[in-house]
Number of protein chains: 2
Amino acid sequence: MKAARFHARKDIRIEEIPEPELRPGAVAIDVAWCGICGSDLHEYLEGPIFTPAPGHPHVLSGEEAPVVMGHEFSGTVTALGEGVDDLTIGESVVVEPYFVCGECPQCREGNYNLCVKMGFIGLAGGGGGLSEKVVVDRRWVHPVGDISLDQAALIEPLSVGHHAVVLSGAKAGDVAVVGGAGPIGLLTAAVLKGMGVITVMTELSGARKAKALSTGVADHVVDPSQQDVKAFVDELTAGRGADVAFECASVDAVLDTMLDVVKPRGTVVNVSIWGKRASVDMLKIVLKEIALVGSIAYANDHPATIWLVQEGKVDLAPFITGRIALDDLIGEGLDTLINRNETAVKILVHP
Amino acid sequence: MKAARFHARKDIRIEEIPEPELRPGAVAIDVAWCGICGSDLHEYLEGPIFTPAPGHPHVLSGEEAPVVMGHEFSGTVTALGEGVDDLTIGESVVVEPYFVCGECPQCREGNYNLCVKMGFIGLAGGGGGLSEKVVVDRRWVHPVGDISLDQAALIEPLSVGHHAVVLSGAKAGDVAVVGGAGPIGLLTAAVLKGMGVITVMTELSGARKAKALSTGVADHVVDPSQQDVKAFVDELTAGRGADVAFECASVDAVLDTMLDVVKPRGTVVNVSIWGKRASVDMLKIVLKEIALVGSIAYANDHPATIWLVQEGKVDLAPFITGRIALDDLIGEGLDTLINRNETAVKILVHP
């Protein structure tokens with residue numbers, strides 16, 4: 001079958017590889033669509049990061065480069081391994097793409113996203129969504145009912161937003177500020193909006209500001225170069241401040257703004273991945289007793305995320321900005337995101 | 001009566017002023033002992049900060065400099081204002097030294113330490129503990145039973161530690177790391193130890209390391225210049241990491257260490273006041289989903305703090321490193337703390 005495999009930095013190849021074999025407790029899936037993630041770009045440009053370098057096999061998958069890429073994918077069940085009796089051939093599913101040890105304190109407490117040995121299917125081995133077929137342990141396969149398979153490929157990044165929203169403690173009627181309208185900022189806002197939270201997004205880029213409004217996930221978009229974000233939020237909340245805020249840009253000024261706009265005893269969730277140390281005004285955290293909380297990936301978030309889409313509370317269609325074939329992954333996929341990432345939100349690949 | 005009043009930076013005067021008048025709902029107190037706080041030093045060296053400058057009266061007290069200093073004090077009830085019937089003349093008390101508005105969202109939710117108009121008695125007006133007598137509204141007066149009046153003067157800074165510990169969520173049997181063994185670090189550790197938490201303190205100064213051990217508040221003291229703190233905590237916790245950690249030094253390297261030693265999903269409470277922006281490794285917060293929480297002063301902490309001392313779970317005697325008369329406030333009090341602050345923990349003033 002055809003698959004995109006990471007060999008080394010700037011060396012992702014579309015090549016023929018053997019089909020994966022079904023095993024007991026696992027599910028065989030024909031991949032329908034696979035999204036390209038920011039971490040795929042990072043692997044391509046700066047990797048190996050999450051991919052295991054040659055000679056350094058991942059501790060759980062046992063695999064090393066070359067490995068199949070792609071961890072945001074949907075597909076159709078084609079076969080069930082021994083002992084799997086609660087799925088149906090032909091059913092639409094998505095994959096929560098994890099390897100975890102199941103034994104460390106984090107796994108035992110249900111925070112398996114923080115497993116000390118954690119790896120991602122589609123980065124650390126186990127096949128991936130940028131190939132025609134994949135075999136995944138039953139635990140990680142989530143049925144999506146009648147959600148279309150293209151939208152279902154966005155369940156994975158939507159779960160990242162869901163996880164951050166759960167950590168924030170936001171509830172219906174609250175006011176949330178989301179700093180940065182890139183893909184993760186938009187999908188975090190989508191979850192908030194779907195849960196009945198009033199959303200304010202801050203963004204400088206014209207294309208992203210337009211997207212925040214056209215997708216319907218932002219009740220308000222504020223450009224900090226043109227408007228005082230704190231004054232806007234104070235007016236919206238009668239001086240109370242936002243209940244929660246989300247840093248989705250990994251920019252000092254954005255984190256400052258989130259600390260400024262959140263109410264005393266409010267929560268600021270950091271969803272972004274920082275490539276350098278941040279300069280933080282700790283006094284803001286102290287004098288308002290803010291909780292600054294980190295959020296990474298997802299754990300136990302897929303069922304609620306799928307429900308939000310099934311119930312129509314989140315419409316994922318507007319976030320799909322491109323559909324390409326696997327053969328065009330580099331030129332029309334990775335290069336587009338690298339060079340014109342302000343207009344593209346999510347490009348889907350059909351293997 | 002005699003009182004120490006802040007007039008301007010480097011200008012604190014011991015002078016004769018009229019005695020305060022008793023009013024309905026208030027309590028007249030003869031001050032026994034008053035501690036000197038780090039914020040008193042900051043007012044003296046860099047003020048006015050919390051003290052209202054001439055021409056800028058505090059919004060709640062209506063007072064401006066000169067104002068009486070001293071907010072860590074104990075004393076004896078000498079008279080009760082109209083409507084106060086639940087205290088006894090001669091009873092030992094401490095004061096929770098606040099002005100709050102009672103109307104803002106924070107006050108209504110019980111987080112009155114975050115009141116938008118908050119001021120401290122002994123800094124913003126209302127008299128203070130560095131004077132012979134003070135009159136305080138009943139709400140802020142806490143009976144201390146048979147706690148000696150000298151130790152009772154340390155209830156206020158101990159409440160700062162108690163508040164931070166409550167925000168951390170620490171419970172008996174947990175492991176806590178406290179970064180910095182200055183007065184607030186030591187008193188935070190004292191609360192933790194009194195609650196049955198295993199305490200590890202990190203400190204560079206020899207005098208402070210000795211104090212952390214001699215006071216009995218630290219189960220372990222680790223000097224990061226001589227020992228790998230993370231390795232020490234990992235061994236102590238079988239690789240799990242500390243349940244909670246406390247930044248009590250306002251030093252980048254200390255905050256880094258607290259983020260390193262705390263377990264995934266653990267809480268780091270920042271108790272210190274930062275005079276400059278911090279350089280923070282946000283990735284540490286994200287990849288372990290740490291909650292970095294600010295803590296300032298206290299609210300609803302005095303009863304539990306007093307209980308810890310009454311029950312003998314915290315012994316405040318070892319933290320009293322000096323006793324002076326009000327006339328010696330500058331020379332033997334402020335100057336000692338400014339010049340030799342590593343050996344002095346708490347100097348008490350007897351007005």
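The values are calculated or read from the model by the stated rules, or taken from the named source; none is laboratory data. Here the structure is a predicted model, which means the values were calculated and not measured. Quick reminder, even Gly has a Cβ in these numbers, built from the backbone with ideal geometry, and neighbours come from all protein chains shown. Areas reflect the complete protein model, heavy atoms only, side chains present, ligands, DNA and RNA absent. Shrake-Rupley method; radii C 1.70, N 1.55, O 1.52, S 1.80 Å.
Overview of values
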| read-out | value |
| --- | --- |
| Positions within the range B:38-85 being touching a helix residue (DSSP H, G or I) at 6+ places or on another chain (Cβ under 8 Å) and among the charged types (D, E, K, R), in sequence order | B:Asp40, B:Glu72 |
| Members of the range B:65-85 found to be touching a residue at least 40 places away in the same chain (Cβ under 8 Å), assigned to a loop (DSSP other than H, G, I, E, B) and of a type outside the set (Val, Ile, Thr), listed by number | B:Ala65, B:Pro66, B:Met69, B:Gly70, B:His71, B:Gly81, B:Glu82, B:Gly83 |
| Candidate set from the range B:88-111 (those that are out of contact with any Pro (no Cβ under 9 Å at 6 or more places or on another chain) and assigned to a strand (DSSP E or B)); member that is farthest from the other protein chains (Cβ to nearest Cβ) | B:Val95 |
| Number of the exception - A:Ala297 against (1) in contact with a Gly (Cβ under 9 Å, 6 or more places away or on another chain); (2) open to solvent by 10 Å² or more (accessible area, probe 1.4 Å) | (1) |
| Qualifying positions in the range A:163-181 - part of a loop (DSSP other than H, G, I, E, B) and out of contact with any helix residue (DSSP H, G or I) (no Cβ under 7 Å at 6 or more places or on another chain) | A:Gly169, A:Lys171, A:Ala172, A:Gly173, A:Asp174 |
| Residues of the range A:317-329 satisfying the condition of being over 20 Å from A:Phe246 (Cα atoms) and either within 7 Å of another protein chain (Cβ to nearest Cβ) or under 15 Å from the mean Cα position of the chain (by Cα) (or both) | A:Ile320 |
| Filter result (open to solvent by less than 30 Å² (accessible area, probe 1.4 Å), closer than 18 Å to B:Ile324 by Cβ and of a type in the set (A, V, I, L, M)) within the range B:140-163 | B:Ala152, B:Ala153, B:Leu154 |
| Some residue of the range B:56-76 being in contact with a Phe, Trp or Tyr (Cβ under 8 Å, 6 or more places away or on another chain), more than 22 Å from B:Asp327 (Cα to Cα) and open to solvent by 50 Å² or more (accessible area, probe 1.4 Å) | yes |
| Residue check, B:Glu289 closer than 21 Å to A:Glu103 by Cα, touching a residue at least 12 places away in the same chain (Cβ under 8 Å) and within 9 Å of chain A (Cβ to nearest Cβ) | yes |
| Filter pass, B:Ala26 being touching a residue at least 12 places away in the same chain (Cβ under 8 Å), crowded, with 21+ Cβ neighbours inside 10 Å and among the aliphatic types (A, V, I, L, M) | yes |
| Extreme residue, nearest to A:Ile290 (Cα to Cα), among residues of the range A:207-233 that are free of Cβ contacts under 8 Å to residues at least 24 places away in the same chain and either part of a helix (DSSP H, G or I) or not assigned by TED's automatic domain parsing to the domain that holds A:Ala278 (or both) | A:Ala231 |
| Selection count where residues are hydrophobic (A, V, I, L, M, F, W, C), assigned to a helix (DSSP H, G or I) and within 14 Å of another protein chain (Cβ to nearest Cβ), scope the range A:112-162 | 2 |
| Residue among B:Gly185, B:Gly173, B:Gly194 that alone is within 22 Å of B:Ala245 (Cβ to Cβ), open to solvent by less than 10 Å² (accessible area, probe 1.4 Å) and in the same structural domain as B:Trp274 (by TED's automatic domain parsing) | B:Gly185 |
| Among the candidates B:Asp150, B:Asp219, residue that is of a type in the set (Asp, Glu), at pLDDT 95 or above and closer than 30 Å to B:Glu15 by Cα | B:Asp150 |
| Residue identified as under 18 Å from the mean Cα position of the chain (by Cα), more than 8 Å from every other protein chain (Cβ to nearest Cβ), within 26 Å of A:Leu213 (Cβ to Cβ) and not aliphatic (A, V, I, L, M) among A:Glu342, A:Glu311 | A:Glu342 |
| Selected residue (criterion: surrounded by the fewest Cβ atoms within 10 Å (Cβ to Cβ)) from residues of the range B:277-286 that are facing chain A (nearest Cβ under 7 Å) and assigned to a helix (DSSP H, G or I) | B:Leu283 |
| In the range B:260-276, the residues that are more than 7 Å from chain A (Cβ to nearest Cβ) and either within 10 Å of B:Gly179 (Cβ to Cβ) or under 25 Å from the mean Cα position of the chain (by Cα) (or both) | B:Val261, B:Val262, B:Gly266, B:Thr267, B:Val268, B:Val269, B:Val271, B:Ser272, B:Gly275, B:Lys276 |
| Scan of the range B:242-259 for residues that are open to solvent by less than 10 Å² (accessible area, probe 1.4 Å) and at the interface with another protein chain (Cβ under 9 Å from one of its Cβ atoms), ordered by number | B:Glu247, B:Leu255 |
| Number of positions in the range B:218-235 that are open to solvent by less than 70 Å² (accessible area, probe 1.4 Å) and either touching a Phe, Trp or Tyr at 6+ places or on another chain (Cβ under 9 Å) or more than 11 Å from B:Thr199 (Cα to Cα) (or both) | 8 |
| Odd one out for A:Ala210 among (1) farther than 26 Å from B:Leu114 by Cβ; (2) of a type in the set (A, V, I, L, M, F, W, C); (3) open to solvent by less than 40 Å² (accessible area, probe 1.4 Å) | (3) |
| Residue within the range B:218-238 that is more than 22 Å from B:Met282 (Cα to Cα), under 23 Å from the mean Cα position of the chain (by Cα), hydrophobic (A, V, I, L, M, F, W, C) and within 14 Å of another protein chain (Cβ to nearest Cβ) present | no |
| Any hit, the range B:148-155, residues being of a type in the set (Asp, Glu) and out of contact with any Asp or Glu (no Cβ under 6 Å at 6 or more places or on another chain) | yes |
| Residues satisfying the stated conditions in the range A:260-276, i.e. at pLDDT 95 or above, outside any strand (DSSP E or B) and surrounded by fewer than 24 Cβ atoms within 10 Å (Cβ to Cβ) | A:Asp260 |
| When residues of the range B:305-351 are limited to those that are aliphatic (A, V, I, L, M), surrounded by fewer than 16 Cβ atoms within 10 Å (Cβ to Cβ) and at pLDDT 95 or above, the one nearest to B:Ile155 (Cα to Cα) | B:Ala317 |
| Evaluation of A:Met201 against (1) under 21 Å from the mean Cα position of the chain (by Cα); (2) surrounded by fewer than 17 Cβ atoms within 10 Å (Cβ to Cβ) (one fails), failing number | (2) |
| Residue, surrounded by the most Cβ atoms within 10 Å (Cβ to Cβ), within the range A:83-139, restricted to residues that are closer than 29 Å to A:Lys2 by Cβ and touching a Cys at 6+ places or on another chain (Cβ under 7 Å) | A:Gly129 |
| Output for the range A:234-259, where each listed residue is assigned to a strand (DSSP E or B) and more than 21 Å from B:Asn111 (Cβ to Cβ) | A:Phe246, A:Glu247 |
